[in-house]
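The values are calculated or read from the model by the stated rules, or taken from the named source; none is laboratory data. It should be emphasised that the depicted structure is a prediction, and the values quoted were computed from it without experimental measurement. Note that each Cβ is placed from the backbone with ideal geometry, even for glycine, and that neighbours are counted across all protein chains shown. For accessibility, only protein heavy atoms count, side chains too; no ligands or nucleic acids. Shrake-Rupley method; radii C 1.70, N 1.55, O 1.52, S 1.80 Å.
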Amino acid sequence: MTLPPEDRALLEAARQARRFSYAPYSRYAVSAAVRTASGRVFTGVNIENAAYPNGVCAERVAIFKAVSEGERRFETLVLVTENGGTPCGACRQVMAEFSLDMRVLIVDAQGRLHQEITVRDLLPGAFTADDLQT
Ligand code: THU
């Protein structure tokens, strides 16, 4: 796998963050790192809860951290799971809210790239702000 240096740095940030995953129930550790259009990097991990539905995915933590610090445009997100699992539907919708053109790199715990795909292709026909124009 040959990734450009910027993507390798993002992958490394995501891999480093994975140790902070809080997943005592599923034991499925997930981490993400997102790079904004302005070049900042935010990481996130899945955070579970004894009241199961209150858990949140790594991708949304990373994106919400960024949005809460003034960022709304994203270039690339690296997702790291044990086996290269793909983003859930809720995370796809949150990604679509901000950047349909964002690249998503899906990587496993060994650092193998499983997929590179845009949000537009992850969630065809996404419901967006345009749909609210009635
Ligand atoms: N998970 C994520 O963090 N991102 C995804 O896109 C898929 C699922 C988390 C949620 C839960 O903590 C665990 O993985 C098992 O579903």
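Annotations
- Given 15 as the ceiling on other Cβ atoms within 10 Å, longest exposed-site-free region of the chain for GluC sites (Glu not before Pro) in DSSP loops: 1-68
- Loop-resident chymotrypsin sites (Phe, Trp or Tyr not before Pro) (DSSP state other than H, G, I, E or B) in region 22-108 with no more than 15 further Cβ atoms inside 10 Å of their Cβ: Tyr25, Tyr28.
- The residues of the chain expose on average 55 square angstrom of accessible surface per residue, using a 1.4 Å probe on protein heavy atoms.
- A Förster distance of 25 Å, applied to the separation of the beta-carbon atoms of Glu82 and Asn49, puts the FRET efficiency at 0.75.
- Against the compact-protein benchmark of 2.2 N^0.38 Å, the Cα-based radius of gyration of region 1-66 scales to 1.18.
- Largest-first ellipsoid semi-axes for region 26-99, taking √(5λ) over the Cα gyration tensor eigenvalues, angstrom: 21, 13, 11
- Taking other residues whose beta carbon is less than 11 angstrom from the beta carbon of Cys91, and scoring Lys, Arg as +1 and Asp, Glu as -1, yields 0.
- Within region 17-62, the trypsin sites (Lys or Arg not before Pro) that combine a DSSP coil assignment with at most 14 other C-beta atoms in a 10 angstrom radius are Arg27, Arg40.
- Whole-Å semi-axes of the chain's equivalent ellipsoid (Cα gyration tensor): 22, 19, 14
- For region 63-134, the list of trypsin sites (Lys or Arg not before Pro) that fall in a loop by DSSP and count at most 13 other C-beta atoms within 10 angstrom reads Arg72, Arg73, Arg112.
- Net +/- balance of residues flanking Thr43 in space, Cβ distance below 12 Å, scoring K and R +1, D and E -1: +4
- Normalised convex hull volume, region 58-120, alpha-carbon set, Å³ per residue: 74 Å³
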